[in-house]
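Beneath this line is the structure, given in structure tokens, with notes to follow.
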Ligand SMILES: Nc1ncnc2c1ncn2[C@@H]1O[C@H](COP(=O)(O)OP(=O)(O)OP(=O)(O)O)[C@@H](O)[C@H]1O
């Protein structure tokens with residue numbers, strides 16, 4: 001006797017490690033060849049789970065499934081692969097593609113040539129009343145999309161077609177036409193169809209109906225035999241009677257109810273349809289996946305441009321907004337020595353040296369207010385109207401001279417008192433620095449005017465020109481490159497995790513997995529497409545940094561580019577890892593923002609690692625970004641090459657993290673199948 005198309009025996013399946021409640025509980029089911037088998041069951045009864053195990057995208061915990069004489073998932077098995085056509089519950093189509101592109105994509109994945117796809121599509125378009133092949137999927141109605149989804153499952157002439165609720169959400173007329181297609185198809189191509197549905201009465205048109213409840217099939221037979229057995233007019237009544245019988249029988253929990261109905265099946269007809277024997281190489285599948293991803297990207301040019309330019313935009317804002325000396329600080333001065341508004345040129349016997357000092361100070365603070373009393377200045381500082389004030393003592397000039405010519409008898413230092421608002425620490429520190437620098441400049445000029453060596457009032461320390469880097473270079477140029485790495489890492493992980501999640505949640509992965517595409521092929525295709533995006537991002541951000549903001553470069557631009565790519569690559573892999581662990585966008589976004597913030601804070605770009613707790617210093621060194629940030633500064637400002645440990649450790653860190661993330665990703669994807 002011919003082996004059934006699908007034979008399920010003692011199938012058990014549970015999800016998760018802790019919850020071992022079986023979704024499928026010793027389920028038996030037989031689908032004869034050339035039949036339409038309708039699987040009925042309440043929502044949540046495990047129909048989709050069973051179909052997933054049939055197409056090989058999920059594994060049973062125990063029991064067996066034989067599909068076309070092979071065990072799903074084993075090498076050389078019919079499923080997953082193009083011998084089985086699978087239409088998931090969702091339409092599982094790419095909204096940006098046209099109907100023709102959709103068919104081309106699924107056809108290529110199944111190993112068809114473009115000409116084969118064209119000729120097969122002519123037949124399907126006629127069968128399913130598809131007229132305009134250039135319409136994009138998102139422009140189609142729900143019913144039209146359902147038909148396209150259906151056509152995609154039939155395209156490559158599979159021997160078994162598995163349809164998860166093909167008629168859900170369709171109006172009665174469309175539902176009727178779907179059934180007509182199915183009957184016509186089985187007749188023309190002698191394929192076997194398994195479908196699930198909630199609409200009990202429409203299954204009268206099936207050859208065999210299985211009623212599934214509490215994880216197993218309580219009865220399976222032809223609709224006619226079922227109606228006869230229970231002497232009722234509708235299948236709905238049959239289902240109700242069977243459910244009641246099951247509840248009564250299983251009341252004490254010890255017995256199991258299965259209604260056996262004698263019914264001999266011979267659906268497969270004599271005429272033979274030659275189902276094409278299809279195999280698709282990994283290269284073909286990856287080509288199709290990459291092609292689809294590029295077409296989808298190019299359909300949304302504004303989004304593509306934003307993705308490529310977002311890092312450059314962020315880097316520009318950093319260069320414009322961060323690391324520059326503060327301007328517009330509002331300060332005040334109270335001068336008890338002189339209230340002259342005009343300062344005579346500085347000379348050794350001057351009685352108004354404070355005027356010369358304040359003149360230098362006012363050239364550094366554009367908003368320097370002149371006040372008459374300390375009390376007034378205090379009030380303004382307390383009310384937040386000024387950020388600091390200086391009080392110059394009435395004996396400033398004689399004291400300055402005594403510091404030089406009679407310093408042994410000096411009782412009070414030449415006096416400027418500085419009062420600051422320390423709420424904004426950076427501004428307060430900057431104010432102090434400017435005040436001291438201005439005083440240095442003033443004393444130099446004053447000593448010149450007295451013919452005394454300038455060095456007399458300087459600390460006996462020579463600060464030589466820096467060995468590496470330039471003292472005059474703004475902080476922006478120190479923080480900017482590390483910020484560039486940080487942004488590109490974050491953008492890369494967001495881009496990749498979103499692209500994976502969108503596809504997964506649209507159900508399109510389930511379809512291609514059922515066609516035999518492997519997780520690793522999907523991963524490779526994403527790496528290819530996302531790498532192009534990332535190279536675009538890095539080229540644009542480096543161009544902005546070097547060409548627009550004049551970031552100085554001592555080392556090799558190629559090395560900088562390579563390091564930025566390696567760093568973004570680890571960001572990409574981070575995106576893949578978290579999207580393989582978490583299944584919804586908001587959870588991924590929370591994890592991304594939650595993990596990015598510490599990585600960024602501890603990377604040494606915001607605050608030097610040397611300022612952290614010793615334990616954290618050590619831990620921070622091994623985080624992604626930290627070593628790459630050190631590395632990029634050494635290439636840029638020291639001109640170091642790959643032979644230096646600081647530089648190659650930056651690369652090594654990026655690749656190590658990338659490898660760790662990829663392994664996590666592959667482990668979780670494998671776990672997902674179980
Ligand atoms: N990946 C999963 N992890 C954990 N539980 C799952 C998973 N997939 C399904 N389940 C659970 O298994 C049970 C059966 O789900 P399944 O989708 O197979 O039912 P169904 O009969 O197809 O439902 P419907 O008709 O509503 O589609 C449900 O309780 C569901 O919550």
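The values are calculated or read from the model by the stated rules, or taken from the named source; none is laboratory data. Since the model is a prediction, treat every value here as computed from it, not as a measurement. Cβ placement follows ideal geometry from the backbone for every residue including glycine, while neighbour counts extend to all protein chains displayed.
Which ones in region 193-230 are without any contact (Cβ under 8 Å) to a residue 40 or more places away in the chain and within 13 Å of the ligand (Cβ to nearest atom)?
199
Which one of these is within 15 Å of the ligand (Cβ to nearest atom), over 37 Å from the mean Cα position of the chain (by Cα) and buried (at least 20 other Cβ atoms within 10 Å of the Cβ): 8, 31?
Working: 31 fails: within 15 Å of the ligand (Cβ to nearest atom).
Of 8, 31, the one residue that is within 15 Å of the ligand (Cβ to nearest atom), over 37 Å from the mean Cα position of the chain (by Cα) and buried (at least 20 other Cβ atoms within 10 Å of the Cβ) is 8.
Quick one: which residue in 612, 596 is surrounded by fewer than 20 Cβ atoms within 10 Å (Cβ to Cβ), touching a helix residue (DSSP H, G or I) at 6+ places or on another chain (Cβ under 8 Å) and within 20 Å of residue 541 (Cα to Cα)?
On the way: 612 fails: within 20 Å of residue 541 (Cα to Cα).
Matching residue, one of 612, 596: 596.
Conditions (1) more than 20 Å from residue 280 (Cβ to Cβ); (2) at pLDDT 90 or above; (3) part of a strand (DSSP E or B), marked per residue:
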residue	(1), (2), (3)
40	yes, yes, yes
44	yes, no, no
49	yes, yes, no
53	yes, yes, no
60	yes, yes, no
65	yes, yes, yes
72	no, yes, no
75	no, no, no
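Going by the conditions given, is residue 627 without any contact (Cβ under 8 Å) to a residue 24 or more places away in the chain and either assigned to a helix (DSSP H, G or I) or outside the structural domain of residue 490 (by the TED database) (or both)?
Details: without any contact (Cβ under 8 Å) to a residue 24 or more places away in the chain: no; either assigned to a helix (DSSP H, G or I) or outside the structural domain of residue 490 (by the TED database) (or both): yes.
Criteria not met by residue 627.
Does residue 477 satisfy the condition of being free of Cβ contacts under 8 Å to residues at least 24 places away in the same chain and part of a helix (DSSP H, G or I)?
Values: free of Cβ contacts under 8 Å to residues at least 24 places away in the same chain: no; part of a helix (DSSP H, G or I): yes.
No, not satisfied.
Specify which of the listed residues (661, 574, 655) is surrounded by fewer than 18 Cβ atoms within 10 Å (Cβ to Cβ), assigned to a helix (DSSP H, G or I) and assigned by the TED database to the domain that holds residue 509. Write out each step before concluding.
On the way: 661 fails: surrounded by fewer than 18 Cβ atoms within 10 Å (Cβ to Cβ); 574 fails: surrounded by fewer than 18 Cβ atoms within 10 Å (Cβ to Cβ).
Just one listed residue meets the conditions, 655.
So in region 664-674, with the set limited to residues that are crowded, with 17+ Cβ neighbours inside 10 Å and within 16 Å of the ligand (Cβ to nearest atom), which one is nearest to residue 621 (Cα to Cα)?
Within region 664-674, the first condition is being crowded, with 17+ Cβ neighbours inside 10 Å, and the residues that meet it are 664-665, 668-669.
Filter once more, so that each one left must be within 16 Å of the ligand (Cβ to nearest atom): 668-669.
Numbers: 668: 27, 669: 29 Å.
Ranking the candidates gives 668 first.
Among the residues of region 528-555, how many are more than 24 Å from residue 475 (Cβ to Cβ) and surrounded by fewer than 19 Cβ atoms within 10 Å (Cβ to Cβ)?
Looking only at that region, the number is 6.
If I filter region 310-328 for residues that are under 30 Å from residue 193 (Cβ atoms) and either in contact with a helix residue (DSSP H, G or I) (Cβ under 7 Å, 6 or more places away or on another chain) or in a helix (DSSP H, G or I) (or both), do I get at least one hit?
Kept after step one, since they are under 30 Å from residue 193 (Cβ atoms), are these residues of region 310-328: none.
No, every residue in region 310-328 fails to be under 30 Å from residue 193 (Cβ atoms) and either in contact with a helix residue (DSSP H, G or I) (Cβ under 7 Å, 6 or more places away or on another chain) or in a helix (DSSP H, G or I) (or both).
So which residues in region 83-113 are within 16 Å of the ligand (Cβ to nearest atom) and either on the phi < 0 side of the Ramachandran plot or part of a helix (DSSP H, G or I) (or both)?
Kept after step one, since they are within 16 Å of the ligand (Cβ to nearest atom), are these residues of region 83-113: 86-92.
Of everything in region 83-113, those that are within 16 Å of the ligand (Cβ to nearest atom) and either on the phi < 0 side of the Ramachandran plot or part of a helix (DSSP H, G or I) (or both) turn out to be 86, 87, 88, 89, 90, 91.
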